[in-house]
Amino acid sequence: MARPYVFVNMAVTLDGKIAAADRRSFSLGSEADRREMDRLRAQADIVLWGGETLRAARAPARVLDPGLAASREASGRPAQPANGVVTASGDISIGLKWFEAPGIARFVFTGAAGAPAARQAARGRAEVVVLDEGEVSASALLDALAQRGMEKVLLEGGGELHWMFAREGLLDALHVTLTPWLAGGASAPTLLGGAGFPAGRFLRLKLEEARQEGEEMFLRYRVLGRNTGGPPAR
Ligand SMILES: NC(=O)c1ccc[n+]([C@@H]2O[C@H](COP(=O)([O-])OP(=O)(O)OC[C@H]3O[C@@H](n4cnc5c(N)ncnc54)[C@H](OP(=O)(O)O)[C@@H]3O)[C@@H](O)[C@H]2O)c1
């Protein structure tokens, strides 16, 4: 069984932040960025969020353009991609709208510790998939998605969710919208969170597309891996 393709879409400030330090939801991107988000969602079998992103956004990830939704259906796929959240605590009851939107298959990926709270929050409105003891591993999650016939997985944040895949070498591509904002804040979340890679072992990317629209840059990178000569440690 082939491992699903994993791609990220994220709007960042010029200083690489994805939100303010208080983590409140704030739309960084323009209308062009929202169109790009729709186009990428239309390619995905499932859109995945981390628990913090769900608690900040609450509403589900949907393809808004009726033409894109129709062409998904014409190719035998559901009009809307499935939505999934990854949570260790299972503490996602705040995501009320996310659980209630019609026409969307929903999944909660958690470990044994988070399963009771996740089931209580989902109340049958999402499939709760229990993968590990505590933290969920990206490889176990991708196996579960492959078993359900999913081939394209879109990660939409936040940085902790992206780290979960990056640390296991399971990212294939990044679509990054560089927006004309500076946020600052040492503790504000960035595109990639977690413990981070040591110097000399950074993840190496290849820039495959750069396009300017208005004040934004739309960048597409392919992930090459960690053994391809990262910046040397001093
Ligand atoms: N600029 C943009 O385009 C954009 C897009 C998305 C989000 N955001 C912003 O980004 C912020 C959230 O980002 P973030 O990095 O703080 O958090 P995040 O990645 O959204 O969520 C972190 C949470 O995900 C769960 N998680 C992550 N790795 C896990 C693992 N291996 N196993 C089990 N659970 C795991 C945990 O959930 P539990 O806490 O539930 O256990 C963890 O606390 C929000 O402010 C949001 O508004 C911005």
Review point. Are any residues in the stretch 169-189 touching a strand residue (DSSP E or B) at 6+ places or on another chain (Cβ under 6 Å) and within 20 Å of GLU36 (Cα to Cα), and if so, which ones?
Key: LEU171, ASP172, ALA173, LEU174, HIS175, VAL176, THR177, LEU178, THR179
Review point. Give me the pairs: first residue in the stretch 1-24 and free of Cβ contacts under 8 Å to residues at least 40 places away in the same chain and over 20 Å from LEU224 (Cβ atoms), second residue open to solvent by 30 Å² or more (accessible area, probe 1.4 Å) and within 12 Å of the ligand (Cβ to nearest atom), beta-carbon distance under 7 Å, and six or more apart or on different chains, which are they?
Key: ARG24/ALA56
Practice item. State all residues of the stretch 4-32 that are surrounded by fewer than 15 Cβ atoms within 10 Å (Cβ to Cβ) and of a type outside the set (A, V, I, L, M, F, W, C); if no residue qualifies, say none. Key: ASP15, ASP22, ARG24, SER25, SER27, GLU31
Review point. Somewhere in the stretch 33-52, is a residue open to solvent by 20 Å² or more (accessible area, probe 1.4 Å), modelled with pLDDT under 95 and within 15 Å of the ligand (Cβ to nearest atom)?
Key: yes
Exercise for review: Would you tally the residues in the stretch 150-176 being surrounded by fewer than 23 Cβ atoms within 10 Å (Cβ to Cβ), free of Cβ contacts under 8 Å to residues at least 40 places away in the same chain and outside any loop (DSSP other than H, G, I, E, B)?
Suggested key: 1
**Study point:** From VAL130, VAL136, residue being touching a strand residue (DSSP E or B) at 6+ places or on another chain (Cβ under 8 Å), outside any strand (DSSP E or B), among the aliphatic types (A, V, I, L, M) and open to solvent by less than 70 Å² (accessible area, probe 1.4 Å)
**Key:** VAL136
**Study point:** Of all residues in the stretch 92-124 being surrounded by fewer than 14 Cβ atoms within 10 Å (Cβ to Cβ) and touching a residue at least 24 places away in the same chain (Cβ under 8 Å), the one that is nearest to the ligand (Cβ to nearest atom)
**Key:** ILE94
Revision key, fill the gap. If you go through ALA118, ALA183, the only one that is part of a helix (DSSP H, G or I) and in contact with a Ser or Thr (Cβ under 7 Å, 6 or more places away or on another chain) is ALA118
Revision key, fill the gap. Residues of the stretch 125-140 being within 12 Å of the ligand (Cβ to nearest atom) and under 22 Å from TYR5 (Cα atoms), in sequence order, are VAL129, VAL130, LEU131, ASP132, GLU135, VAL136, SER137, ALA138, SER139, ALA140
Exercise for review: Kindly establish whether GLU156 is modelled with pLDDT of 95 or more and away from the ligand (no atom under 12 Å from the Cβ).
Suggested key: no
**Study point:** Looking only at the stretch 55-71, and only at residues there that are at pLDDT below 95 and part of a helix (DSSP H, G or I), the one that is surrounded by the fewest Cβ atoms within 10 Å (Cβ to Cβ)
**Key:** ALA57
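The values are calculated or read from the model by the stated rules, or taken from the named source; none is laboratory data. The structure presented is a predicted model; accordingly, all values stated were derived computationally and were not measured. Every residue, glycine as well, gets a Cβ built from its backbone with ideal geometry; the counts of neighbours run over all protein chains shown. Only protein heavy atoms, including side chains, enter the accessible area calculation; ligands, DNA and RNA are left aside. Shrake-Rupley method; radii C 1.70, N 1.55, O 1.52, S 1.80 Å.
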